[in-house]
Amino acid sequence: MHAMILTLLFAAVLLASLAVKYWLATRQMRHVAAHRDAVPAPFVGSVSVAAHQKAADYTLAKGRFGLFTTAFGAAVLVGWTLLGGLDLLNSALRDTLQPRWGDLGYQLALLAAFALIGGLLDLPLELYSTFRIEQRFGFNRMTWRLYLVDLLKSLFVGALIGLPVAALILWIMGAAGSTWWLWAWGVWMGFNLLMLVLYPTLIAPLFNKFEPLADESLKSRVQALMARCGFTARGLFVMDGSRRSAHANAYFTGFGAAKRVVFFDTLLSKLSPGEVEAVLAHELGHFKHRHVIKRVVAMFGLSLAGFALLGWLSTQTWFYTGLGVQPSVGAANDALALLLFLLVAPVFVFFVSPLFAQLSRRHEFQADAYACQQASGADLAAALLKLHEDNAATLTPDPVYVRFYYSHPPASERLAAMQRRPA
């Protein structure tokens with residue numbers, strides 16, 4: 001009875017989420033298409049008609065592709081669950097490997113096989129996005145050789161890091177009793193904090209070159225800004241983002257004493273020194289308002305709730321059978337529980353995602369306000385417009401779509417908020 005209820009609930013929520021996604025996507029596409037031919041009044045003189053139309057066309061191309069990927073993702077999800085794909089994969093590996101490799105070996109093989117099959121299913125979509133859509137609009141700079149090298153590196157790093165962590169969590173699930181979820185959560189959080197420290201120095205350099213900022217004038221300006229803001233970092237670096245994409249960005253990475261400031265080379269080529277300073281001041285605003293710490297704490301709390309829920313669900317037979325899987329009788333079901341939870345949880349979380357998007361937009365406004373205090377508001381506005389134009393971000397998004405998805409406020413709202421600030 002419980003299994004049937006879960007099946008019906010999962011199917012209903014999945015259909016509802018699909019309906020909402022398609023409704024929002026088509027609203028966005030209609031709204032952008034309807035405003036394609038005229039630059040919005042606040043941007044007349046700052047954004048050309050050609051740039052505005054390119055942004056609209058880029059948004060529409062990604063939107064149409066998004067409709068397909070949404071349907072494809074839903075079909076794959078149903079295939080894994082209600083149509084028995086995961087059950088079939090689990091049965092084959094359990095019968096073949098569990099007698100020889102034991103529970104831990106077979107379960108690691110199940111996780112690896114699932115990840116490999118999922119990656120292969122997503123590969124054509126990623127290739128189309130990179131070599132068709134991004135290529136068409138002049139953003140892709142990745143060669144096929146570089147793409148393949150990145151793919152092999154990602155597989156190697158993923159296996160090198162992911163398999164030991166997965167093995168440890170699976171061992172805890174089998175050995176720590178009914179409170180395994182608390183210990184597993186501690187391991188997961190420790191791993192995430194460790195990655196914040198190790199990623200900038202050990203992993204990121206495998207994919208990109210990071211050179212110290214060579215422009216002494218800009219370096220002095222940035223260091224003066226950081227001193228005013230009471231911020232320290234281990235170094236200022238320029239990343240060769242132009243090898244893969246024409247999109248521009250700047251970010252902080254690392255944690256604690258390992259923090260680094262990283263500029264894309266594409267960003268430095270497009271913005272003036274004052275505009276770079278304003279963009280960096282915005283990023284410093286996130287640290288000043290403790291947005292990063294708040295997000296880490298929120299991640300801690302949400303992941304704890306997730307592990308606790310998984311701890312309970314993994315003991316319920318209806319959790320497996322209601323989602324198309326027959327739990328093993330003579331073997332462990334921990335990997336099955338993990339995979340089912342990771343597959344199904346996003347369907348239910350989708351409906352609360354607007355709350356997180358709203359909080360993120362509020363943080364962006366606060367960071368903008370801080371940047372206007374520490375640097376030039378005019379430079380920040382100019383940088384914002386340049387980045388929107390260079391990244392082909394639409395200036396006319398649908399308001400409902402924005403409220404549901406956007407982690408950053410639209411340019412019109414950000415500029416209006418800057419203009420309302422006292423001089």
- Task: Please work out if residue 71 is assigned to a helix (DSSP H, G or I), out of contact with any Lys or Arg (no Cβ under 7 Å at 6 or more places or on another chain), touching a residue at least 24 places away in the same chain (Cβ under 8 Å) and under 30 Å from residue 202 (Cβ atoms).
- Result: no
- Task: Would you be able to say whether some residue in the stretch 50-62 is loosely packed, with under 14 Cβ neighbours inside 10 Å and closer than 30 Å to residue 137 by Cβ?
- Result: yes
- Message: Tally up the residues in the stretch 85-118 that are modelled with pLDDT under 95 and either acidic (Asp, Glu) or closer than 30 Å to residue 28 by Cβ (or both), please.
- Response: 2
- Item | Sole residue being free of Cβ contacts under 8 Å to residues at least 12 places away in the same chain, closer than 28 Å to residue 205 by Cβ and either in contact with a helix residue (DSSP H, G or I) (Cβ under 6 Å, 6 or more places away or on another chain) or not aromatic (Phe, Trp, Tyr) (or both), chosen from 186, 190, 105 | 190
- Item | Residue within the stretch 274-289 that is of a type in the set (A, V, I, L, M), modelled with pLDDT under 85, assigned to a helix (DSSP H, G or I) and under 26 Å from the mean Cα position of the chain (by Cα) present | no
- Of all residues in the stretch 162-186 being surrounded by fewer than 16 Cβ atoms within 10 Å (Cβ to Cβ) and over 20 Å from residue 102 (Cβ atoms), the one that is farthest from the chain's Cα centre (by Cα): 178
- Item | Qualifying position, being farther than 22 Å from residue 247 by Cα and buried (at least 16 other Cβ atoms within 10 Å of the Cβ), among 351, 356, 404 | 404
- Query: outside any helix (DSSP H, G or I), buried (at least 21 other Cβ atoms within 10 Å of the Cβ) and among the hydrophobic types (A, V, I, L, M, F, W, C): does that describe residue 323?
  - Reply: yes
- Task: Give just the number: which of (1) part of a loop (DSSP other than H, G, I, E, B); (2) farther than 19 Å from residue 320 by Cα; (3) at pLDDT 95 or above does residue 82 not satisfy?
- Result: (2)
- May I ask you to list the residues in the stretch 148-206 that are among the aromatic types (Phe, Trp, Tyr) and under 21 Å from residue 313 (Cα atoms)? 171, 180, 181, 183, 185, 188
- Message: So residue 297 passes all but one of these: (1) within 25 Å of residue 362 (Cβ to Cβ); (2) of a type outside the set (Gly, Ala, Ser); (3) in contact with a Lys or Arg (Cβ under 9 Å, 6 or more places away or on another chain). Which condition number does it fail?
- Response: (3)
- Message: Can you say whether residue 365 is surrounded by fewer than 18 Cβ atoms within 10 Å (Cβ to Cβ), within 20 Å of the chain's Cα centre (by Cα) and not basic (Lys, Arg), as far as the supplied structure shows?
- Response: no
- Task: Run residue 142 past the list (1) under 30 Å from residue 375 (Cα atoms); (2) surrounded by 15 or more Cβ atoms within 10 Å (Cβ to Cβ); (3) not small (Gly, Ala, Ser) and report the number of the one that doesn't hold.
- Result: (1)
- Test: residue in the stretch 102-122 that is touching a Phe, Trp or Tyr at 6+ places or on another chain (Cβ under 9 Å) and not in a helix (DSSP H, G or I): no
- Item | the stretch 288-346, residues that are among the small types (Gly, Ala, Ser) and either within 16 Å of residue 82 (Cα to Cα) or touching a Pro at 6+ places or on another chain (Cβ under 8 Å) (or both) | 322, 324, 337, 345
- Can you confirm whether the stretch 279-292 contains a residue that is touching a helix residue (DSSP H, G or I) at 6+ places or on another chain (Cβ under 7 Å), surrounded by 17 or more Cβ atoms within 10 Å (Cβ to Cβ), over 29 Å from residue 175 (Cβ atoms) and among the aromatic types (Phe, Trp, Tyr)? no
- Of the residues in the stretch 20-40 that are of a type in the set (A, V, I, L, M) and in a helix (DSSP H, G or I), the one that is farthest from residue 71 (Cα to Cα) is 34
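Quick grid of which residues meet (1) farther than 22 Å from residue 277 by Cβ; (2) in a helix (DSSP H, G or I):
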{"residue": "318", "(1), (2)": "yes, yes"}
{"residue": "328", "(1), (2)": "yes, no"}
{"residue": "361", "(1), (2)": "yes, yes"}
{"residue": "369", "(1), (2)": "no, yes"}
{"residue": "380", "(1), (2)": "no, yes"}
{"residue": "383", "(1), (2)": "no, yes"}
{"residue": "395", "(1), (2)": "yes, no"}
{"residue": "403", "(1), (2)": "yes, yes"}
- Within the stretch 299-310, can one find any residue that is among the aromatic types (Phe, Trp, Tyr) and within 30 Å of residue 117 (Cβ to Cβ)? yes
- Task: Check whether at least one residue in the stretch 295-308 is on the phi < 0 side of the Ramachandran plot, in a helix (DSSP H, G or I), touching a helix residue (DSSP H, G or I) at 6+ places or on another chain (Cβ under 9 Å) and crowded, with 17+ Cβ neighbours inside 10 Å, and report yes or no.
- Result: yes
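Check every one of the helices (runs of 4 or more DSSP H) wholly within the stretch 128-229 and list those with 2 or more residues that are hydroxyl-bearing (Ser, Thr, Tyr).
So the answer is 144-175, 216-229.
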- Message: I'd like to check something: does the stretch 230-242 contain any residue that is in a helix (DSSP H, G or I), surrounded by fewer than 18 Cβ atoms within 10 Å (Cβ to Cβ) and touching a residue at least 40 places away in the same chain (Cβ under 8 Å)?
- Response: yes
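The values are calculated or read from the model by the stated rules, or taken from the named source; none is laboratory data. Since this is a predicted model, take the numbers as computed values, not measurements. Virtual Cβ from ideal backbone geometry, glycine too; neighbours counted across all protein chains shown.
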